[in-house]
Amino acid sequence: MLSFVDRRLDEIDALSDDELLAEAQEAGQDPAQVAGELRSLIDGLIRHQAKERLRIARASLDARRVAMASGSANVLSFEKKQAILKGFAENDGRLRERLTMAARNGQGSSEREVDSILQDLRDLGVIDEDGNPL
């Protein structure tokens with residue numbers, strides 16, 4: 001069931017620019033002022049939403065740091081990490097190309113690169129903290 005506000009917003013959204021201007025002028029309002037007030041309101045809501053998303057992201061990062069510091073996150077050897085990636089590369093052509101390119105250039109993937117790829121796989125829900133497929 002649509003609320004009164006939702007219905008009113010739908011009605012306003014259906015009006016053309018000319019109809020909106022005429023309605024504002026009939027109500028004795030300055031369309032430029034109304035537009036400015038709405039713009040300020042929307043900008044404030046966007047800032048509020050961005051701050052809330054940042055707060056949530058920081059809380060998630062803090063929780064991850066606490067988990068890492070408490071030792072609840074498993075520490076894998078570099079060799080184990082490479083083995084996990086190799087297993088995924090066998091089934092993923094793009095990942096295989098990326099790892100092959102690094103090897104051709106005489107540089108294996110750095111541990112930082114391997115960690116980054118593994119974290120992407122964790123974030124996507126493909127593997128758990130131990131690198132096991134989900």
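The values are calculated or read from the model by the stated rules, or taken from the named source; none is laboratory data. A quick note: this is a predicted structure, and the numbers were derived from the prediction, not measured. For the accessible areas, the whole protein counts, side chains as well, though only heavy atoms, and no ligand, DNA or RNA atoms are used. Shrake-Rupley method; radii C 1.70, N 1.55, O 1.52, S 1.80 Å.
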query: Among the residues of the stretch 20-32, how many are at pLDDT 90 or above and either part of a helix (DSSP H, G or I) or under 34 Å from the mean Cα position of the chain (by Cα) (or both)?
result: 1
statement: Of the residues in the stretch 48-65, those that are more than 14 Å from the chain's Cα centre (by Cα) and either on the phi > 0 side of the Ramachandran plot or open to solvent by less than 100 Å² (accessible area, probe 1.4 Å) (or both) number 3
Pick from the stretch 94-118, criterion closer than 19 Å to residue 131 by Cα, open to solvent by less than 30 Å² (accessible area, probe 1.4 Å) and in a helix (DSSP H, G or I), ranking: modelled with the lowest pLDDT: 95
- request: Please tell me if residue 7 is open to solvent by 100 Å² or more (accessible area, probe 1.4 Å), under 29 Å from the mean Cα position of the chain (by Cα) and not hydroxyl-bearing (Ser, Thr, Tyr).
  value: no
